[in-house]
Every structure is written in C-alpha cells, then in structure tokens.
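The values are calculated or read from the model by the stated rules, or taken from the named source; none is laboratory data. None of these values were measured; they are calculated from a predicted model. Here the Cβ is made from the backbone with ideal geometry for all residues, glycine too, and neighbour counts use every protein chain on show. Surface areas here come from the heavy atoms of the whole protein model, side chains and all, with no ligands, DNA or RNA. Shrake-Rupley method; radii C 1.70, N 1.55, O 1.52, S 1.80 Å.
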Amino acid sequence: MEAISAQSGLQLPIGKRLTFRILLTTVIGLVLTLGAIGYTLLLSWQLEGGAAAINEAGSLRMRSYRLALVLEHGPQLAHFESELAEFNRTLADLQNGDPKRPLFLPTTTSIRRQMHGVQEDWLTRIQKNAKAVANESDPLQRQQLLNKYVQDLPVFVNNINQLVSLVEMELAAKTTWLRLCQTALIFLSIAASVALLYLLYLWIVGPVTRMQTGIASMTKDDLSVRLPIETEDEFGVLAQAFNQMADHVQGVHRTLEERVSQKTAKLQAQNYEISTLYEIAGFLSGPHAIEELCRGFLHRIMQRMHADGGTVRILDGHSDNMHITVYEGVSEQMIEEEHCIKKDDCFCGSATQRGIILVRDFRQLNQNKRYRCQEEGYISLAVFQILSRDQVIGTFSLHFEKERVVSSEERRLLEILGKNLGSAIENQRLIAKEKEFAVSQERNLLAQGLHDSIAQGLNFLNLQVQMLEDSLNRDELAEIRDITPLLRAGIQESYEDVRELLLNFRTRLEDSNLESEMRNVVARFQRQTGVHSTINFVGNGAQLAPEQQLQVLFILQEALSNVRKHAQAGEVTVVIDNDRDFAMIVHDNGLGFDIAHVAEKGDSHVGLKIMQERADRLAAQFRVESQVGEGTTISLYLKQEERLVA
C-alpha cells in the first residue's frame, strides 16, 4: 500500500474518505429501506383498492336482483331510472377506478377480460331487457319480458361472481407478497444492523482501539510501538501521523540527554553573562572617581574573560590623543611607549573609528608590520569602544597569551559593558561639573555678600583713616575726636557683618528640619538686633526637597540681614504657608524705600540680587513691595509643579 502523507489528509480522494463511505452506506441503506417501505405501502394501497372493488362488484349482484323486484312490482319510472343509474355508476367505477377512495380493479388481463364480459353482458342483454320490461304497458307481454330478464340474470350474476373470484385471487397473491415483503424488511433491518455494526468496527472502532493501544504503550515508555497502516482513509492518515510522531519522540528521547546538556550549558553561559553584567553595572553605578571606575571595570572584565592583560584608554577630544588611564598585566615598557597615541595609531587607537577589533592570532597578520602587543608575547587581542550617548570617548583592550576566540555572546556583552562604562564616566564628569558649578555659584554669592557688607564697610573705614591722617597732619584734635567714634562704629559694624556672613554660610539643615532652622534664624536675629520678630507656619503640605529647603533658608537669612542693615524696623513678621504651593512672606515696619530708585542703582544693592538669584534656582516667584515710611514686604512663591520630591 502506498504511503500516505499526514499533511495531505485534507486532500484525500473523495472515494477514499471515511466520511464519504459512511455517507454512501447510509444513503444506500436509506434507499433500500425507503424502497421496501414504499413497495409495502403500494401493495397495501392496491389491496385496499381491490377490497373496495370486491365490495362494489358484490353490490352489482344485489342491485341486479333489486332491479328485478322493482320491475316485478311495477315501479315508478323515476325509481327504475335511479336504480339503473346507480348500477351504471357502480359499473363505471369498477371499470375506471377511483383513486380517492381508493377503488380500482387489478390490471391483470384475465380480470380486465372478465370485467369487459360483465360490462358487455350488462349493456347487450340485462340492461336492454330491463328497459324493455319497464317500457312495456301490456301486462302479459311485460310478464314475458320479465321472465326472460329473470332467466338471463343467473348467467350475469355468475359472471360477476367470476370477476369477484378473480379479484380475490389477485388480492390473495398481493397479500402474500405484502407478507413476504414485510418479512424481507425485517430480515433486511437485521442484516443492515449487523452490517452497520461490522462496518463501524472495521472502519472506526478497530482503528480507534489500535490507536488507543498504541498510545497506552507509549505512555508506558514503549517508544518502539507503531500502528499498521491498513486503510487509505483518515484513520490511515492518523496512523501515519502517529508513526511519524513516535519516530520523532524516539529520536528526541535518544538525543534528550545531549540536548539537555546543551541547553544547560547555554543557560549557564547566559546566567554567567547576566551576573557579569549585573556585577559590573552595580560597580559602575557607585560613587567612584573616573580612574577608580576604569580600574575596577578592567579588573573585573579581565577576570571574567580570563585575559592576561588589558588597558583602558580615554580619548582627548581636543587633541585626538588616546591616553592610557589604567592598565593591568602589561609591562611598564609598553605603557611608557604607548601611554599617549593618536586615535588612528595601532589597533587600540583605530578602534575609535573602526569599531570592534578582534585579532585571533597575530602570527597570521602581516609580519612586516610591527605589532607592539605581539612583541609582548600576546597571541590574541580584543578592542572595544567606550561609548557615551553614541559618542566614542575611549577604548578598552584585552590581551591573551594564548589563542582566544571571542564568541558572539561575549562580544555583545563587552559592547554593552563598554556603553555602561562610558555612561559612568560621563556621569562622573557631569557630577564634577555640577559640583564645580555649585561651588562657583556659592563663591559668587559669597563675593556678592562680601561686596555688599565687608567691602563697603572697609571702604568707609579707609575714607575715615584718610581723614584721620589729614587731621593728624594738621593737629586738629577736635576732628580726631569726631573721627575716632566713627572708626569704632565702622569696625563694629564690619565685625557684625563678618559674624553674620560666617553664621549664614555655616548654616546646614539638620535632618531636613526646615521649620526648626527657620525658627533658630529668626530667634538669633531677634537676639542680635533686639527687633521683635515672630514666625508663623500654616498648612500641612509635604516637606520641600533638601536643596530647595536650603535655598529658602538662605533667602530668609538675606532678607533679615537687609532688615538689620537698612530698615531700622521695630517689628518683623515671617509667615510660612506650606500647602500644595509653598509661600514665604517677610514683612518689616521699617523705613521702606523707593523700589524704582533702587532699581536705577543696579548692582549697588547686592542683597536683593542675591535673593532673586536664589529664587531663580528654585524656579520660584520673588517679589519685593515697599514704600518709603511704610516698611517692606518680601514674598517668595513656589508652585506645586516646581516642587521637588523630598
């Protein structure tokens, strides 16, 4: 038997499909059953029609005798005509039949011939004699005609009896056929049931049982079981597919241990790669200096890759030189020679432009060209880029004393780690720049504070000293007595300014407790100046971020410093509203000033400028409201969207 493809089950010829065979068997059985039932119904219908014909034929005998009685008693003409018409109707029904009742004579030749004889005898003798009797008025003659009618009547009745006998014989034969057909239908039903059960077993139950047996054997680890392909139908396709599956399972089972070992090795390699990535990424995320980052990175990479030497070179963007930042396992002579190279020199430099460089064996390269790594005794080399935001900032190299092939997984891992190192280096550079910028800003604010306080005080003292020298030269003791208190007051004021600056720049937040520090600042201001000061806190919003708290505290210190120096106030009120938005209002009842006049002086009032710069750092709104003689109000507003999470 030709092999059947499991994939072609839907393309089986229609004659080979199990569904087609089941459908064909069902249709044949249904046709035979319906034919047998139809034939029995036909026989029953014929028997019913024949029985009705026997009844009608029997009624002809009665009607012929009744007609004789009617003629004998001298009936009315209408009564005679009615009997005659009824006789003719019955005779016509026997001749033509009536399918509605049903009523019809069998179509055999003998019955039709006998029926024709009865009809001919009726028309030529019986009916003719009856009409002659009915139309004769002479009693004597009428009696003679009646006697002739009566003499002919037995022959006519005998013909009718023969017709009835023939019909009864025909119906008896049909009855026999009906019984035979019903008996045959019973045996046909039994045979059909047996055949159906056999076909079901042959076509369905048997293949399913064999398949269940095969599956049960496979569940007991008997992988050698195969199903016989005995048919070309769907079960043949299933058996073929089962055998193919068994072949595959048996093949997989043979190579299972090897495949498990391969998968385990691959999984271990992936775990090793992930652990390497996590370890080095965790190290690079720590707060390390750039040199420490590079050294720790190189040491870990060399351990993971089993390298014998390695370097990390950083690219100088201004001169295109490559400088060795850290190295390990490389001779000092080589470092001295290559501590600074151009980015297109050697493999380590050209990797910045060419990307990854892998040398499997220096001995296979052009020996007319000098390779410093080969002179050191290294056989293989791997150079990878250090990237930061897709920009090359350096390279790192791994040197091997034995031939080393870097796999695609290792190559991908080293590429990722090169990007991580670049990001870490760039982050440290940004942190350094941020610290430098913060120091620069604080120094600028410190310089502005010194200029606003100490520099102006020293300038005043310098002027008074010049006036003192002039008075001494002229021996003006009165002027000297006037200048001396001014010098003492200027020195005292400068001393107070220095103390205030030292206190302000030493201010630090303890545990991010802004409220406590602000209360301390206001209390210290009241002790130093004697000005009555109050501070009120409203709202229960979240704490500001530490860097924002510090800037708010510096602004409060600067505002109170301006009150001490310029306001001559008797009372200061500070209100802190910490809700969804943050607000600080500092109000004094001092002299006040003309804001427009102060704005014209520009940088001469450094205190206001310092507060504005700190407010700009917070992305907050800063406003100064003042009028001469009505005090000053300083307001700071920080909106919710500008607040940082503490």
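Observations, loosely collected:
- The stretch 14-48, subset exposed (fewer than 13 other Cβ atoms within 10 Å of the Cβ) and at pLDDT below 75, residue farthest from LEU185 (Cα to Cα): ILE14
- Close pairs (8 angstrom Cβ cut-off, 6 or more residues apart or separate chains): in contact (Cβ under 8 Å) with a residue 24 or more places away in the chain in the stretch 104-115, surrounded by 13 or more Cβ atoms within 10 Å (Cβ to Cβ) and among the acidic types (Asp, Glu) anywhere: PHE104/ASP98; PRO106/GLU170; THR108/GLU170; ILE111/GLU170
- Qualifying residue in the stretch 344-366 (condition: assigned to a helix (DSSP H, G or I) and either touching a residue at least 60 places away in the same chain (Cβ under 8 Å) or among the β-branched types (Val, Ile, Thr) (or both)): yes
- Among the residues listed as ARG89, ARG63, the single one being in a helix (DSSP H, G or I), among the charged types (D, E, K, R) and closer than 17 Å to ASN161 by Cα: ARG63
- Cβ pairs under 8 Å, 6+ apart, first in the stretch 250-270 and open to solvent by 100 Å² or more (accessible area, probe 1.4 Å), second not hydroxyl-bearing (Ser, Thr, Tyr): HIS253/LEU223; ARG259/VAL252
- Qualifying residue in the stretch 161-173 (condition: surrounded by fewer than 17 Cβ atoms within 10 Å (Cβ to Cβ), part of a helix (DSSP H, G or I) and of a type in the set (Val, Ile, Thr)): no
- Residue count, the stretch 307-340 (criterion: at pLDDT 80 or above and assigned to a strand (DSSP E or B)): 15
- Every condition in (1) assigned to a loop (DSSP other than H, G, I, E, B); (2) open to solvent by less than 80 Å² (accessible area, probe 1.4 Å) holds for GLY206 except the one numbered (1).
- Members of the stretch 66-115 that are of a type in the set (Val, Ile, Thr) and in contact with a Leu (Cβ under 8 Å, 6 or more places away or on another chain): THR90, THR108, ILE111
- ALA559 being among the aliphatic types (A, V, I, L, M), in a loop (DSSP other than H, G, I, E, B), over 50 Å from the mean Cα position of the chain (by Cα) and surrounded by 16 or more Cβ atoms within 10 Å (Cβ to Cβ): no
- Residue check, ILE290 within 17 Å of LYS419 (Cα to Cα) and either open to solvent by less than 40 Å² (accessible area, probe 1.4 Å) or of a type in the set (Val, Ile, Thr) (or both): yes
- Selection count, the stretch 367-389, where residues are part of a strand (DSSP E or B) and either farther than 29 Å from GLU426 by Cβ or among the acidic types (Asp, Glu) (or both): 1
- Yes/no for ASP344 being surrounded by fewer than 13 Cβ atoms within 10 Å (Cβ to Cβ) and in contact with a Ser or Thr (Cβ under 9 Å, 6 or more places away or on another chain): yes
- In the stretch 213-237, the residues that are closer than 20 Å to LEU18 by Cβ, of a type outside the set (Ser, Thr, Tyr) and either part of a loop (DSSP other than H, G, I, E, B) or touching a residue at least 60 places away in the same chain (Cβ under 8 Å) (or both): LEU227, PRO228, ILE229, GLU230, GLU232, ASP233, GLU234, PHE235, GLY236, VAL237
- Restricting the stretch 190-212 to residues that are touching a residue at least 12 places away in the same chain (Cβ under 8 Å) and not hydrophobic (A, V, I, L, M, F, W, C), the residue that is farthest from LEU30 (Cα to Cα): ARG210
- Among residues of the stretch 525-547 that are within 17 Å of GLY590 (Cα to Cα), those with a Cβ under 7 angstrom from a residue that is of a type in the set (Asp, Glu), sequence gap 6+ or separate chain, pair up as VAL531/GLU571; HIS532/GLU571.
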